[in-house]
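Chemist: Mind having a look at this structure? Questions to follow.
The values are calculated or read from the model by the stated rules, or taken from the named source; none is laboratory data. In this text the structure is predicted, and so the values were computed from the model without any measurement. Backbone-built Cβ (ideal geometry, glycine too); neighbour counts: all protein chains shown. SASA here: full protein model, heavy atoms, side chains in, ligands and nucleic acids out. Shrake-Rupley method; radii C 1.70, N 1.55, O 1.52, S 1.80 Å.
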Amino acid sequence: MKDSIENRFSLKDIKSAFDHFLGQEKYGVRDIFNGILNSISKQLQQEGIYAFWWKNENDLLKNHLLNPDTSYYLKGPHDNSEKANHFLRVIFNKEWINNASQGTHICLYVGKSTNIKSRINGQIKYNIDPKKFNQFDPTIWKDSKSKNQLDDDHSHLWPESKNNERLTKCKYGFGKKPNTVSQLRIGLERLFNTDALELIKEHVEISFLPYPGKENAVNRFFIEEKLIASLYPILNIDVER
């Protein structure tokens, strides 16, 4: 039997993670996916923690979150008699947004991965673009599926159900998620009720902290949890069911 890898616990690393993470540079999504920042590609192919940020220079997201007409729901607990009414509406207020903000940036999502680049690709699905119907540009971020492996209805993330009715409250809604990996894009599309790829290209930036090694798996877990608890990202929210 092979020796198992020892997962070490470092309180020092965990406690210093917040300041260390905030000191990392933020990179525009468009620049990363278009290959302008190939110099960071190797850094991204490691284990570590990452975050998506909205560059809120014109208060677009803040004003949208505070708009009383903005709807954002989470699936909550239900019994058989209340199955249709088990959505919990999330109310965004100034206190939450202010605490999720660092300068002109609002924290959208914090995560960890054994391959940051692969995880970011799954979060954004950059090649799923309704306006260009799944263009396959020569990019290192290319989706793993080939053209003939794609379903006919892959021009967006929200496919029709078999009975031709969406399992959602609206087109980009709050029923069944289209997948389990694209939390960032799904969250923004639910917030804005539109395809979010152009919004992501225009407004979203990424920061990351490589923290490699299988022996650091425990520390990565606690660092991610600490950052979520400190940055209050608006799209990490889940509720008990």
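Chemist: Taking amide hydrogens as modeled 1.01 Å from N in the peptide plane, which residues meet the under 5 Å criterion relative to Gly28, leaving out close sequence neighbours?
Modeler: Here the answer is Ile206, since their amide H atoms fall under 5 Å of that of Gly28.
Chemist: Here's another thing I want to ask about it. Please report how far the C-alpha centroid of segment 205-241 lies from that of segment 23-39, rounded to the nearest whole angstrom.
Modeler: 20 Å
Chemist: For segment 192-199, what does the Karplus curve 6.51 cos²θ - 1.76 cosθ + 1.60, with θ = phi - 60°, yield as ³J(HN,Hα) per residue in whole Hz, taken in order and with x for Gly and Pro?
Modeler: Using θ = phi - 60°, the values come out as 9, 6, 7, 4, 9, 4, 5, 4 Hz.
Chemist: Let me ask you something else. What GluC sites (Glu not before Pro) does segment 2-52 have in DSSP loop regions with at most 16 other beta carbons within 10 Å?
Modeler: Glu6, Glu25
Chemist: If I ignore ligands, DNA and RNA and count only protein heavy atoms, how much of Ile91 is accessible to a 1.4 Å probe, in Å² to the nearest 10?
Modeler: Surface open to solvent at Ile91 totals about 110 Å².
Chemist: Okay, next question. What pairs from Lys26/Lys112; Lys94/Lys201; Lys26/Lys131; Lys132/Lys201; Lys94/Lys125 go past 19 Å between their alpha carbons?
Modeler: On the way: Lys26/Lys112 16 Å; Lys94/Lys201 25 Å; Lys26/Lys131 27 Å; Lys132/Lys201 15 Å; Lys94/Lys125 30 Å.
Going by Cα-Cα distance, Lys94/Lys201; Lys26/Lys131; Lys94/Lys125 fall outside the 19 Å limit.
Chemist: Residues with amide H under 5 Å of Gln46's amide H, sequence separation 5 or more or different chain, H placed in the peptide plane at 1.01 Å from N; which?
Modeler: Excluding prolines and chain starts, which carry no amide H, the hits are Ile116, Lys117.
Chemist: Another one. Ranked by accessible surface with a 1.4 Å probe, highest first, in what order do Asp31, Asp69 come?
Modeler: So the residues, ranked largest to smallest area, are Asp69, Asp31.
Chemist: Report, by chain and number, residues whose modeled amide H sits under 5 Å from the one on His105, excluding near sequence neighbours (fewer than 5 apart, same chain).
Modeler: So His105 has HN proximity to Asn56.
Chemist: Now for a separate question. ³J(HN,Hα) across segment 7-12 via Karplus (A = 6.51, B = -1.76, C = 1.60, θ = phi - 60°), whole Hz, x for Gly/Pro?
Modeler: In residue order, the calculated couplings are 8, 8, 10, 10, 4, 4 Hz.
Chemist: What order do Phe208, Phe9, Phe222 take when sorted by accessible area (1.4 Å probe), most exposed first?
Modeler: Working: Phe208 10, Phe9 125, Phe222 90 Å².
Sorted descending by solvent-accessible area, the residues read Phe9, Phe222, Phe208.
Chemist: Sticking with this structure for a sec: Leaving out ligands, DNA and RNA but keeping every protein chain, what accessible area does His203 have, in Å² rounded to the nearest 10, with a 1.4 Å probe?
Modeler: Roughly 30 Å² of His203 is accessible to a 1.4 Å probe.
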